[in-house]
Structures are given as structure tokens and as C-alpha cells.
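Taking it in order: structure first as C-alpha cells, then the write-up.
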Protein chains: 2
Amino acid sequence: MQKADIVIRDGLLLTINREMDIIENGAVAICGNKIKALGTTEEITADFQAGKTIFAKGKIIMPGLINAHTHIPMTYFRGIADDLPLQTWLQDYIWPTESRFLNREFVYHAALHGAAEMIKNGITLFNDMYFLGKESARAATEAGIRGIIGEGLLDIPLAGHKNADEVIDYVKSARSEFAGSELIDFTIAPHAVYSCSSANLIKARKLAEEFDLLLHIHVSETEQEVLDAIQKFGKRPVHYLEDLGFLEQNVIFAHGIWVDEWEIRIMKKRSIAVAITTESHLKLASGFAPVRSYLENGVTVCLGTDGVSSNNNLDLLTEMDLTAKLHKAYNQDPTQLQAAQVVRMVTIDAARALHKDEFLGSLEPGKLADIILLDTNTLEAQPMYNPYSHLVYTLNSSAVSTVIINGSLVMEERKLLTVDEAELIGRAGDYRQMIRENLNL
Amino acid sequence: MQKADIVIRDGLLLTINREMDIIENGAVAICGNKIKALGTTEEITADFQAGKTIFAKGKIIMPGLINAHTHIPMTYFRGIADDLPLQTWLQDYIWPTESRFLNREFVYHAALHGAAEMIKNGITLFNDMYFLGKESARAATEAGIRGIIGEGLLDIPLAGHKNADEVIDYVKSARSEFAGSELIDFTIAPHAVYSCSSANLIKARKLAEEFDLLLHIHVSETEQEVLDAIQKFGKRPVHYLEDLGFLEQNVIFAHGIWVDEWEIRIMKKRSIAVAITTESHLKLASGFAPVRSYLENGVTVCLGTDGVSSNNNLDLLTEMDLTAKLHKAYNQDPTQLQAAQVVRMVTIDAARALHKDEFLGSLEPGKLADIILLDTNTLEAQPMYNPYSHLVYTLNSSAVSTVIINGSLVMEERKLLTVDEAELIGRAGDYRQMIRENLNL
């Protein structure tokens, strides 16, 4: 009999492997930070002696959810302003708050809150773009969540970085500091074609080439952005990036709402995935992403929450629900975005988008143990005929009961084990007070 | 000092009165089934001695949510089939299941499950359309929720009713049986213009006139329905109903997606409200309701979940979130559907739509005590700058902690006090088994 650090047993196991195998009365054996074996509870308990046993009767066992686009240090901006035109929202609320609070302490605290919130929502990996990323990395490490931290690059000086070279130095230094981390990866995140010069975009690409990084960039979120690019560069944003050579490195686009068919084919050719943040697209009235066309052209689509300030939470289950439903209506076809496909968008497809599918995104022996349990033995979840349908259309994030990341138990029966929730709630209240005073709210 | 049966204290009190008054550190005194007084905690505790005190620190206190269109006995059909064309879904799944299970026992059990689920989601009044409504009324009474039960009328014999006269007799008999109920009201609910003859629509209207009932009817849910009406009657559905004289009685429309400007003006003239069920509209790819035009024309808009089979839950908070966001994007205007306005759609506007605003929909002295508490002292809800924003964009239904209906405490700290949740969960499992076998799933 082999030893396992953790055995999860008695659950409905969704592997999200190539065959989308489902194991009823399923079990997982975890050794160290990896999945050692999967099978029925009978098989796994016959083979493994467990250090810790987690009983999952009435629960779904599945890969952790992957949030493919967010800005977690914006968590304290939850609902500071809503229902406003984009420019008013930015100029009168977001920018004044950022200009006052964009410092190490704020980023660390807000990121810790966001990291903890994501774990409660079943998210085990997030792909972030913000500033002072070492602080977000410290917060993610403390909470025990996996993060790809993109240091934002803009032409204007921000967060103490005077120019692109300083941003690049910061990313290099962050990569060395966290080189031993099993949870954290760093990259550079050029903000957008309208906020980064071509020289800076190329600097970012060179850095990405040197360290084999994934470039994370906002692309074509608004129609205005496309019109501006045509006026300024004589071409649409993806075309511009292609001609710059920016797309020769691994890239993930956030948003990708206003792209044409030619641009979608370029994305396919360059293996660029797109992170759709449907709630934010709707709330800011940015538009409807061409998800159907992406899928028909073989572009990998994954989902993100975007920052809390434009959502207003870090909840991928509602994102799944809304995305699935919206694109049925938008395409006048209820068969669009089948539930199982949407579940793949937050697991294996997102892992592929982030070039992590060798290690993450499905439950298979040898992969990293990022695993969540969702309770379906509740009034709101019964009866259940199809677990994928429930994940997309029925459950909310309060169903997430237990979260394991990199083999470590970080939440058990909705209790976070890595951070003190009451302390985080109290600190959020303190910052709320400061932010209100700063804005004269 | 006066006596109060219940005093709720220390909460953030959203009155949803005409001035949208918010009382910080607010309190409510409840005597019998009515709100006796509102004020600050200091004021109310100075004036009232409480039989029971409910502490609401860190919580929102607000009117119970009103679900303006649903079919609660379909709760057991949660996710039996998704992502299918409407006709396949109906013919291969819903109708075969209904034809097998549309009996008193099934309706009672499924309605009890739905009623309990709605209470957990903060819903205190629902406007239902289904069959064998006495059973739904029994279930609602047992759970302690307020319901307007519409007995479905179609030309085809259903649920043991051979024809319209039998449906009318059933409604009359139900009204006598439940005449003493403070929670239940009965009406007739003609299904739609394509499923009810003009003779039957007029019979329904006459019954409604006789007893001053609100007529609840599906109208213009799909484009096909409108095309069929034009072909069959030479006019669109609302025009047809107007010419029939059907709209001279109080009426609420469910859906109202495919209406033109002339029809909207008729609705305004006849004081007809519309219950929008956005999630179901999207999931079935029915279309985008002209919410902006309704509001600009002064038509009362309220929200419903529709049945669980096309949602797949009974959650008005997600309905609020999705509706607010969708219509911003659809109108390319982020200022559309402000959060406070959407909160009114599930409280006072819904009460007006159902002709109950004299008694319900806001917290005011003399109104019935249908009150809910939502916990905002959580990681997911902090920081909070604006409670309306939180209700629409941030919170999910697990935030609903305590529910009072007609002065009675029916849920406290998420524990239902009127029904045995474990028993309901077990029974849902039994029905699941029977439904699966019937469909050969």
C-alpha cells in the first residue's frame, strides 16, 4: 500500500481530461504537490493510505478554476462608482483613487483580499495585470493561490517606474526574488496599443523572448480603441501588433471584443488565446465579444473576471453562467456554448491559454494538485441531472466548499486556512474610509 | 413603552420608499404581520419592548424580493436538459416529463422545494403560473411564503381540467378554500395567445372582472409567436389582446420581448406591467427585451426568474445583475439601469405590477412585514460603498441571512424554520430517479 498525503473520496469526479471522463464515487490521491492517482473510491482506498482524508459525498471534485484576466489590487475599488460613462468613471473615481493609493502597502493588502476572495470562489490560478507586482506575489503566496503576475507597462510613469526600462528591471528583479516559488510566475503586461508606444511594445516582446514569458495585453476592448488605432496607425490593433512582430512571442489577449475575421485568423495562426470578461464587457457597455467566431476559427477562449471595480466581484461561476447564456441569445441559437464547453473554458482551455496545460487544468496523474470541491447536497442544487449544467447554470460560488492548491489545503468547508478573514474584512473597512475621504464620497 | 413582536436593529435599512430613504444603524418594529415603526436603533429601542430581537449589525435590512414570474412546480426539472433548440427541449424532455408527473403529489412536492429555495434566496412573494395550484398554495403556506397562484389555462385538456369551464371552477373553488389565507391569492393565468382561443381568453377576463383578479399571461416571448399571430389574427399579440377587450382588466405580461412601440404605448395606457426574465430569455435565445423603451414609456418593469427548467435556479439577485449589465451593453450606454432602479424592480415596482404596492414592496409603517436581511460583513462583500450597487453587482443569494414574511420569521441565519431541508433534499433525489427513468436518461 502506498502513502498519499491527501485522499479525496466519495465524490463525483470531473476529470476534464480529453475524454471528459466522469468518475462516480470517485477519489483522488495526492502526493506532495501532485496528483498521484485517480479512480473509484474503492480503487484508491485499496491502493493508498492517506495522511489526510477528505470526504466528498454529495460533492463535485474538479480542477480549480482559472481566472484568465484580472487586476486583483483593484479589489478595494469594489463599487466605488457604477453606472457611469467610462471616462467619468475613470477620471472622477478610478484614477484619483489610484493616484492616491498606488503604493506597496495598498497593493499588498488589496491583493491579499482579492486572493482570499478568489479562493472562496474556487479560483486556484489567476492571470493578473497591475503594478508593483511583487506585492501581489507576496499576497498570493501568503493566501496560497497560484498567480501569473503581469507588471503593467504604459508610456506614462506609474507606480514609481519612470520608464519601460525600469518596468523591465522590476520584472527581472521580481523573477529572481520569486525564482524558488512553486506558485508565482512573473511577466510583463503591456497595457494596450493606445497606451504603449511601438518602442515599448517591442521592449516588452524582447523581454518575453529572453525569459520565455507570456505577454498579457488588453486588445480591442472598445470600438473607440479600434477607430483610434486606424486613425493613428492606419490599421486595426491586431494588425498593428502583427506588423510590429509583437505576436511572434506567446501572447494572451484580454477582451478582444472588436476584432474582425482577418484578425481572428491571425490570432489562430499565432496561437493567441483570448480571455473574455463578459460581465465587465456588459457593465461598461463595451460590446459583445465574437465568441462564436473565435470558437469556429479554433481560437482558445477562456474567461476572466476583470478587476472588481468593473464586475463587481471575483466570481467565475457567474461569469460562466452569463457568458453561456449571452452568446445563445446573441447568436439566436440556444445550442451555442454548451455547458461542458464553458466548464473547459475555466479549466483546461484556460490552462492552455496560459501555456500551463501540461501541468494544470484537468485532473490527471502527474499534474499539479489544484482541486476544488463543490457541495451539491443543498436545496438550491437539487435535483441534479448533469454536473456541467449545474456548474454553469445553477450553482453560485457559495457552493465551493474546499480548495487545494499545489497539494495544500487552503480552504476547508468554506473556512480559509491561510489568512484571517476577520482581519481582512476589518482592513477593507479601514481602506474604505480612506478612499471615501479621498474622493469626498 | 410599546410592545413589538419583533425588533430588528443595528442594520443598514433600505426603505425603498418614495424618497429611497436609507437609515444607517436602522431598526424596524414589527407588530403582528405589520411594520409598526422604522427609525434609528436608538429611536426604536427607546419606544419598543421587543418579544424577539434580531441583531443586524453589518447587514442590509430591506423589503423582501418579489419574483414576478415563475412556475415553481417545475423546480424538479432543474437542468434535465439544456443547450437545446426550444422544440427539442419541450418535446423530448419537458412535455414527456410533465405528461408523466403532472399530478397533485408531484406539484405539491416540487412547489414546496421551490418555495423553500425562494425563501433561501430572499424572495417573499412569487407570482406563479402552473397547474393544480391548490397544491402550490398548500406548499407555499407550509413554507410560509406569499404567493399569487395562477391556474394555467390552455385550450387542450391538462392536469385533469377538461376545458376552460373546469379551470374556472377550479380557481373559484381554490379561492374559497384559501379565502382565509393571509399569504395566498388565486387567479387564472391564460397561457398565451397561441395556446388559448379568443373565447377562452374572454372567459378568463370575465372571471377576473368578477373577482377583481390580476390576469397573468405570457406575451411575445419569441419572434415566431408574433409572426404566427400576424398570420393567424392579422395583428401582433398585444394588438390582438387589446381588440379582444382582454386588456380592460388588470393584466401582467410575462416576457414581452417582441413588442413594438405601439404595443408599448397600449401597455402604458392599460397600466400593464411586464415581468422580464432575462436569464431565461438568453438561455432559450428568445431575444432582448426592450427594457429601455418600456421605461421611457412609463411601463412598470419587474423581474422574474421564470421556471427552474429554463434558468436553472430561483435566484433574483443574479437576475438583477444580469439584467442591469445586459441592457447597458445592448443600449451601448453604461448609465442605463442604475443599480437603485434595478432594486426597485424587485421590490416596489414589482409590488405595483402585482397591484400590491399598498401593502408591500417597501418598508413603511402600516405595510406588511415582508423583510429580508443580507450579510455584508463578509470577504466577498467588503469594502462596500453603496448598498444598491452591492445588491445588484456584488452579492449572491448566499448573502441572504434572515427572512420574515407576514411578520413571521421563516429563515434565520440561513436556517429554514418552516420546512425540513434535509427531507426536501432527499425527496428531490427520489424524484430525480423517477424522472431519469421516465426519460431513459
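The values are calculated or read from the model by the stated rules, or taken from the named source; none is laboratory data. No experiment lies behind these values; they were computed from the predicted model shown. As a convention, Cβ positions derive from the backbone with ideal geometry for all residues, glycine included, and neighbour counts pool all protein chains shown. What goes into the accessible areas is simple: the full protein's heavy atoms, side chains included, and nothing from ligands, DNA or RNA. Shrake-Rupley method; radii C 1.70, N 1.55, O 1.52, S 1.80 Å.
Quick notes on this structure:
- Inter-residue pairs, beta-carbon under 6 Å, first within 25 Å of B:ASP21 (Cα to Cα) and facing chain A (nearest Cβ under 7 Å) and in region B:328-343, second among the β-branched types (Val, Ile, Thr) and buried (at least 23 other Cβ atoms within 10 Å of the Cβ), 6+ apart: B:ALA339/B:VAL392
- Meets criteria (assigned to a loop (DSSP other than H, G, I, E, B) and touching an Asp or Glu at 6+ places or on another chain (Cβ under 8 Å)) for A:ASP306: yes
- Residues that are polar (S, T, N, Q), within 11 Å of another protein chain (Cβ to nearest Cβ) and in contact (Cβ under 8 Å) with a residue 24 or more places away in the chain, drawn from region B:370-423: B:THR376, B:ASN377, B:ASN386, B:SER389, B:ASN396, B:SER397
- Residue among B:ARG9, B:ARG18 that is basic (Lys, Arg), assigned by TED's automatic domain parsing to the domain that holds B:GLU380 and in contact with a Ser or Thr (Cβ under 6 Å, 6 or more places away or on another chain): B:ARG9
- Count of residues meeting criterion [without any contact (Cβ under 8 Å) to a residue 40 or more places away in the chain and either on the phi < 0 side of the Ramachandran plot or in contact with a Leu (Cβ under 8 Å, 6 or more places away or on another chain) (or both)] in region B:237-256: 7
- Criterion (of a type in the set (Asp, Glu) and closer than 17 Å to A:ARG78 by Cβ) met by exactly one of B:ASP375, B:ASP370: B:ASP375
- The set of residues in region A:424-440 that are among the charged types (D, E, K, R) and in contact (Cβ under 8 Å) with a residue 12 or more places away in the chain comprises A:ARG427, A:ARG432.
- Candidate set from region A:344-361 (those that are more than 16 Å from A:VAL274 (Cα to Cα) and under 14 Å from the mean Cα position of the chain (by Cα)); member that is farthest from the other protein chains (Cβ to nearest Cβ): A:LEU360
- For region B:296-305, residues that are open to solvent by 10 Å² or more (accessible area, probe 1.4 Å) and either within 18 Å of the chain's Cα centre (by Cα) or in contact (Cβ under 8 Å) with a residue 40 or more places away in the chain (or both) total 1.
- Region A:367-394, residues that are open to solvent by less than 20 Å² (accessible area, probe 1.4 Å) and part of a loop (DSSP other than H, G, I, E, B): A:LYS367, A:ALA369, A:ASP370, A:THR376, A:PRO383
- The set of residues in region B:176-204 being surrounded by fewer than 18 Cβ atoms within 10 Å (Cβ to Cβ) and not in a loop (DSSP other than H, G, I, E, B) consists of B:SER176, B:GLU177, B:SER198, B:ALA199, B:ILE202.
- Looking only at residues in region A:242-294 that are among the polar types (S, T, N, Q) and not in a helix (DSSP H, G or I), the one that is farthest from the other protein chains (Cβ to nearest Cβ) is A:GLN249.
- Hey, A:ARG427 more than 14 Å from every other protein chain (Cβ to nearest Cβ), in a helix (DSSP H, G or I) and surrounded by fewer than 21 Cβ atoms within 10 Å (Cβ to Cβ) or not: no
- Single match in A:VAL238, A:VAL167, A:VAL193 (criterion: more than 23 Å from A:PHE131 (Cα to Cα) and either β-branched (Val, Ile, Thr) or touching a Ser or Thr at 6+ places or on another chain (Cβ under 6 Å) (or both)): A:VAL238
- The listed residue being within 20 Å of B:HIS255 (Cβ to Cβ) and more than 15 Å from the chain's Cα centre (by Cα), out of B:LEU125, B:LEU102, B:LEU86: B:LEU86
- Scope region B:75-100; condition surrounded by 24 or more Cβ atoms within 10 Å (Cβ to Cβ) and assigned to a helix (DSSP H, G or I); matching residues: B:THR75, B:TYR76, B:PHE77
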